[in-house]
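Inspection log for the structure reproduced underneath, given as structure tokens.
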Amino acid sequence: MSLIRRQFLTRAAVAGSVLGAPVIANAQSAKFNWKMTSAYGKGSPFYMDGPGSATDLAKRIREMSDGRLNIQVFGAGELIPAFEGFDAVRAGTVEMNHANAYFWTGKTAAAQYFTAVPFGMNFQGMNGWLYDGGGIDLWNEVYAPFGMIAMPCGNTGVQMTGWFKKEIKTVADLKGLKMRIPGLAGKVYANLGVDVKVLPGGEIFPALERGVIDAAEFVGPFQDRRLGLHKAAKFYYTTGWHESSTVSELLINKAAWDKLPKDLQAIVSNASAACNVISEGWCQKANSEAMEDLIKNQGVTAKPLPDEVVKALRGETDKVLAEAVVKDPMTKKVHDSYFAFKAKYDRWSEISEEAYHIKVRG
Ligand code: CA
């Protein structure tokens with residue numbers, strides 16, 4: 001190549017594109033290799049595999065960035081144990097973790113609100129609060145002291161109350177019942193005399209089958225059937241008063257995030273929002289098919305909890321939330337924002353979505 005041609009090419013590369021050739025600029029061509037851990041095992045549907053999952057999110061980011069942001073995804077136990085994502089992202093050992101914020105309530109109590117609050121909002125309401133009602137800003141404020149940011153990256157939609165070996169007819173039937181149920185909802189059940197057990201997903205079926213526990217909640221029809229819970233208990237109560245929609249969290253190290261060019265940050269945010277919607281859509285399809293199979297072919301009885309029991313659960317939820325708010329000012333700030341939004345959303349929902357389901361759809 002002649003010297004003149006070489007100089008021309010060099011200048012052209014610096015100045016911009018020539019005849020449709022791409023612009024070469026250092027900041028834009030830098031490559032980032034990141035790691036993302038998950039609280040769920042390799043191959044777990046919804047969480048690790050399938051539409052809107054952690055691996056799908058990483059693939060979308062890689063494709064949209066043309067390989068400039070490569071995220072290697074690790075299931076629980078592959079790089080770190082299931083519930084160490086918070087500490088790993090905080091320390092910068094990994095740049096991202098894919099899980100649920102309510103696993104971190106031991107670090108900061110307000111984290112509960114960014115996953116699910118008992119008797120809380122559905123998928124639509126949560127998205128309204130998170131994206132447009134100040135929810136994501138508060139999430140980042142809660143994590144600021146830990147040097148992290150977060151965003152929604154998935155949602156199971158409404159979950160199920162869970163599996164019970166015996167029928168629940170009155171509040172008294174809960175007394176002494178050994179039940180697997182994590183988080184704030186566990187405290188609510190405990191107030192009503194339930195002996196609460198916290199077991200990882202993989203241990204639920206054997207415990208229920210052997211009678212170590214009498215009842216368990218996990219996710220919904222598809223995930224629960226996959227664990228085989230219908231083979232250990234026949235009463236399937238609906239719906240998920242404890243998790244009216246359950247948000248998956250993309251947790252990111254703030255220092256690493258700040259090093260990404262603006263366009264890569266936008267790619268991460270947009271891919272994450274896409275997975276939030278796509279994963280929830282997948283759950284609707286998977287759960288409607290699984291529920292039909294459980295009822296038609298597996299002898300499962302699915303019905304709502306008696307009104308008296310729901311009323312008691314609501315009463316105890318109010319007490320548990322009131323206690324949490326008094327203990328921590330940040331929890332109060334998030335709680336007030338969440339429930340102020342919910343009050344408006346409930347009024348609107350009643351005359352829109354609910355009216356459609358009850359009065360119009362038939
Ligand atoms: Ca659950």
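Worth a mention:
- GNM remark for the chain: springs join alpha carbons under 10 Å apart, and the peak mean-square fluctuation among ASP214, ASP258, ASP87 falls on ASP258.
- Candidate lysines for bridging to LYS165, where Cα separation is under 17 Å - those fewer than 8 sequence places away on the same chain excluded: LYS175, LYS178, LYS197, LYS231, LYS234, LYS303
- Projected label distance in nm at GLU63 and ASN33, using a 7 Å step from Cα toward the beta-carbon: 2.4
- Length gained on full extension, GLU141 to LEU192: 15.0 nm, using 0.36 nm per residue less the C-alpha separation.
- Rounded FRET efficiency, nearest 0.05, which uses the C-beta distance separating LYS285 from ASP318 and R0 of 35 Å: 0.50
- Karplus (6.51, -1.76, 1.60) ³J(HN,Hα), θ = phi - 60°, over the stretch 88-97, in Hz, Gly and Pro reported as x: 5, 6, 4, 6, x, 4, 10, 7, 9, 9
- Per-pair calculated FRET efficiency, R0 = 25 Å: ASP132 and GLU308 via Cβ, rounded to 0.05: 0.10
- GNM remark for the chain: springs join alpha carbons under 10 Å apart, and the peak mean-square fluctuation among ALA111, ALA256, ALA150 falls on ALA256.
- When DSSP beta bridges are restricted to pairs lying wholly in the chain, around 45% turn out antiparallel.
- Each label was represented as a point 7 Å from its Cα along the Cα-to-Cβ direction; for MET330 and ILE351 these points are 3.8 nm apart.
- GNM result for the chain, Cα springs below 10 Å: residue of ARG68, ARG60, ARG210 fluctuating most strongly: ARG210
Throughout, read-outs are computed from the coordinates displayed, never taken from laboratory work. The model shown is predicted, which means the values in this text are computed figures rather than measured ones. With ideal geometry, Cβ positions are generated from the backbone for all residues, glycine too; neighbour counts draw on all protein chains shown.
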